[in-house]
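Student: Shown below is the structure under consideration.
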Amino acid sequence: MKDKNGKLIRRGDVYWINFDPSIGSEIKKKRPAVIIQDHKIAGSSQTILVCPIISSANIHPFDVLLPTNFLEKNSRARCIQIKTCDLARFLDFCGHLDQTLMDEIFEKIFILLGF
């Protein structure tokens, strides 16, 4: 699956995504999110599984601290808020996370899912 610029979207890529409209405690507004879905499985799907990235002061046990090399603020992947997003919500590519960080994210997600 490709973004609006024709770039192949891969696991570990970070994109700005428009999460609005949202309800209640769901992730809100435009913010970065890391792609957690394998692009080989996604095929031609119009939806992609992502993990939102937040910068709030409230630290949750299922957050993974991220480097600031391409993010403007101290940020964390909020693993408890994984979400499927339509490609229409995707805005701009902003970077890529290395395998060590992706392993940390998946470790938290697997705990949440009971694995």
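Student: If you place +1 on the Cβ of every Lys and Arg, -1 on the Cβ of every Asp and Glu, and leave all else neutral, what size is the dipole of the chain about its Cα centre, to the nearest 20 Debye?
Tutor: In total the dipole reaches around 300 debye.
Student: Here is a further query. Once the other residues with Cβ under 15 Å from the Cβ of Glu72 are scored (Lys, Arg +1; Asp, Glu -1), what is the net sum?
Tutor: Value of the local net charge: +4.
Student: Could you list the GluC sites (Glu not before Pro) in region 63-115 that lie in coil according to DSSP, counting only those with at most 16 other Cβ atoms within 10 Å of their Cβ?
Tutor: Counting only loop positions with at most 16 other Cβ atoms within 10 Å, the GluC sites (Glu not before Pro) in region 63-115 are Glu72.
Student: I would also like to ask the following. Can you pick out the pairs among Lys2/Lys40; Lys7/Lys28; Lys30/Lys108; Lys30/Lys73; Lys4/Lys40 whose Cα atoms lie more than 21 Å from each other?
Tutor: Lys7/Lys28; Lys30/Lys108
Student: Which listed residue (Phe70, Ser45, Ile82) has the Cα farthest towards the positive end of the charge dipole for the chain, taking +1 on Lys and Arg C-beta and -1 on Asp and Glu C-beta about the Cα centre?
Tutor: Comparing the listed Cα positions along the dipole, Ser45 ranks first.
Student: If you take every residue apart from Pro21 with its C-beta less than 15 Å away from the C-beta of Pro21, what net charge results, scoring Lys and Arg +1 and Asp and Glu -1?
Tutor: Every neighbour counted, the sum reads +3.
Student: Please report the relative contact order for the chain, taking Cα pairs under 8 Å with a sequence separation of at least 6, and give it as a percent rounded to a whole number.
Tutor: Reported relative contact order: 28 percent.
Student: Taking a spot 7 Å from the Cα of Ile41 along the direction of its beta carbon, which residues of region 48-90 have an amide N less than 15 Å from it?
Tutor: Residues 48-51, 82-85 qualify, since their backbone N sits under 15 Å from the label point.
Student: Which value in deg cm²/dmol, rounded to the nearest 500, describes the helix-derived mean residue ellipticity at 222 nm for the chain, given -39,500 (n - 2.57) per DSSP H run of n ≥ 4 and division by the residue count?
Tutor: Roughly -4500 deg cm²/dmol at 222 nm, from the helical runs in the chain.
Student: Follow-up. Which order do peptides 53-65, 16-28 fall in by mean Cβ count within 10 Å, highest first?
Tutor: So the peptides 53-65, 16-28, ranked by packing, come out 53-65, 16-28.
Here, each number is a calculation from the coordinates, and none is a lab measurement. All of these numbers come straight from a predicted model, not from anything done at the bench. Every residue, glycine among them, receives a Cβ derived from its backbone with ideal geometry; neighbour counts consider all protein chains shown.
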